[in-house]
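The values are calculated or read from the model by the stated rules, or taken from the named source; none is laboratory data. Every value quoted in this text rests on a predicted model; they were computed, and no experiment measured them. So basically every Cβ, Gly included, is an ideal-geometry build from the backbone, and we count neighbours across all protein chains shown. The protein model used for the area step is the full one, side chains on, heavy atoms only, and it has no ligands, DNA or RNA in it. Shrake-Rupley method; radii C 1.70, N 1.55, O 1.52, S 1.80 Å.
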Amino acid sequence: MSHPEGTYPLIDLSLARRLERTEASANAAFVATRARVQPESGATWTEVAGAYAMFDGVGSPLTQTFGLGLFADAGEAELDALEAFFHQRGAGVDHEISPLAAPALLPHLNARGYLPIELTSVLFRPVAGVPSPAPANERVRVRRIEPEEAELWAGVAAEGWSSESADVGAFMLDWGRVSAQSENTFGFLAELDGAPAGTGALSIGEGTALLAGASTVPAARRQGVQRALLEARLRFAAERGCDLAMMGALPGSASQRNAERQGFRVAYTRIKWQLRRSGA
């Protein structure tokens, strides 16, 4: 459902389904791309009770489910099927669950030995109609990458995240290489005075633009790079008919604060549940 320009929809089950399906579809497209370009990875995904279950390799943060308990009842049989999907591939079992999921799901998770391990703020805003607080840095230019620039784009993303750790940088390099080839995912490159400075990605589904892949190289930080990337992606999303944008962030983090400064609001805080022992 579209909304008048600049208005925020109510936070209800319909919105949660839309946001969760957008992210699930983007991740499923990523996994399908991984399976195509790296068939030896065994990457695959399936749908159980409306939830998308993704396997992107053991230990990958994309190896999990989205949407459990939002679209259909998820009881013992459904949880058995999902756990088997991951166990057959040697992976742990993680479910990213919205607080708007059916309340009956929580007793099932508790009884089966799941524990909460991670929180994510799911943020959203209208694509258009929310004014920016200040002019952008005119030295920063943003453009969509060309197909032959996938390696450059992935490398810039990795450079920005390498300051966190070498492992995170390596993951982002791999993520960028696959994302650049994923259906309905678009890579954006920011340049500061003509030099590569930052990256951002945008995936489209359900009339919603999922923003991800935000990275700024250390030398270009605090120059308005991410703001320019956000504005360019929102313009692109509007041109593609989207009326909402969404993103995820660690609660209370700098990423969340920056998003809120740009008109994003917290829809809800999602919990990742992890199975710590075998089934019931």
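Before moving on, here are some points about what is shown:
- Orientation-averaged projection of segment 36-160 equals 11.8 nm² [convex hull of Cα atoms, one quarter of hull surface area].
- Alpha-carbon centroids, segment 208-280 and segment 185-199: separation in whole Å: 17 Å
- Of ASN184, ASN110, ASN27, the residue with the greatest mean-square motion in the GNM of the chain, using alpha carbon springs below 10 Å, is ASN110.
- Using the empirical formula 2.2 N^0.38 Å as the baseline, the Cα radius of gyration of segment 91-179 reaches a ratio of 1.62.
- Net lengthening on full extension, SER41/THR7 (0.36 nm per residue, minus Cα-Cα): 8.0 nm
- Ellipticity estimate at 222 nm from DSSP helix runs (n ≥ 4, -39,500 (n - 2.57)) divided over the chain, nearest 500: -10500 deg cm²/dmol
- Of the solvent-accessible surface of segment 230-280, computed with a 1.4 Å probe over protein heavy atoms with every protein chain present, carbon and sulfur atoms account for 46 percent.
- A Förster radius of 51 Å, combined with the Cβ-Cβ distance separating GLU138 from LEU106, puts the computed FRET efficiency at roughly 0.50.
- Compared with the alpha-carbon gap, the fully stretched path from ASN184 to GLU239 is longer by 18.4 nm at 0.36 nm per residue.
- Taking all Cα pairs closer than 8 Å and separated by 6 or more residues, the relative contact order of the chain comes to 25 percent.
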